[in-house]
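Here's the structure we're looking at; comments come further down.
Every number in this text was worked out from the coordinates using simple rules, so none of it is lab data. Note that the structure is predicted; figures quoted are calculated from it, not measured. Ideal geometry is used to build each Cβ from the backbone, glycine not excepted, and the neighbour counts take in all protein chains shown.
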Amino acid sequence: MIKKNQLALIFLTVVTMLAVWYIRTPLDKDTDDDDLVSGIIEETGRLPEILAMREAIRAERSIVAMGFDAVLADENATLASKELALQEKKALSALTEKEVLLEQKVINIGYRDAFVHSTSAGLEILVISDEESAALANEIIQLAFLSFDTDSIVVDFKTADQIKNSG
């Protein structure tokens, strides 16, 4: 049991921390979401259309993960189904991580932007570049084979203007 003095000190500490946090936060919060997104794009150099595609995949997978969380939280679910849900959730998280890492590898090679999406049909890689060639595609495919266990890899080259005009 916590003594009254200890409880009062804990409460006073929390109130003090909140007061300091409140004082240190900027008062003018005029920045809207467009400014934030444009700041992220300027920092990363990524196209907003590609970021939107990645966010859509992330949102879709988040819904699937919530389904797995529901199985894990269900007290009537069997241990086997909970174990399967946990494994599937970890696999989904690992898949997203591998996609993002491959995107970064492709960008680090020197391309402007990239989008990687793994489906049941295989791996789809969209590369934003002004050049396209079989040698460049082969280099990206070799990177993909190092990260993904799939037989079907499709590399599609598009320019930034083509991406902007398609959205």
Inset, instruction - Pop the C-beta distance of residue 161 and residue 75 into the FRET formula with R0 = 45 Å and round what comes out to the nearest 0.05. - result: 0.25
Inset, instruction - Would you work out which of 23, 110, 45 lies farthest towards the positive end of the dipole of the chain? Charges go on Cβ: Lys and Arg +1, Asp and Glu -1. - result: 23
Legend entry - Total charge dipole magnitude, segment 38-114, about the Cα centre, Cβ charges on Lys, Arg, Asp, Glu only, Debye to nearest 20: 240 debye
Legend entry - Cα→Cβ-extended label distance, 7 Å offset, between residue 119 and residue 55, nm: 2.3 nm
Legend entry - Listed peptides 8-21, 148-161 by packing density, highest first (mean Cβ within 10 Å): 148-161, 8-21
Legend entry - Rounded to whole Å, sorted largest first: equivalent-ellipsoid semi-axes of the chain, Cα gyration tensor: 41, 28, 14
Legend entry - Positive-end extreme of charge dipole, the chain - chosen from 147, 135, 12 (charges on Cβ): 12
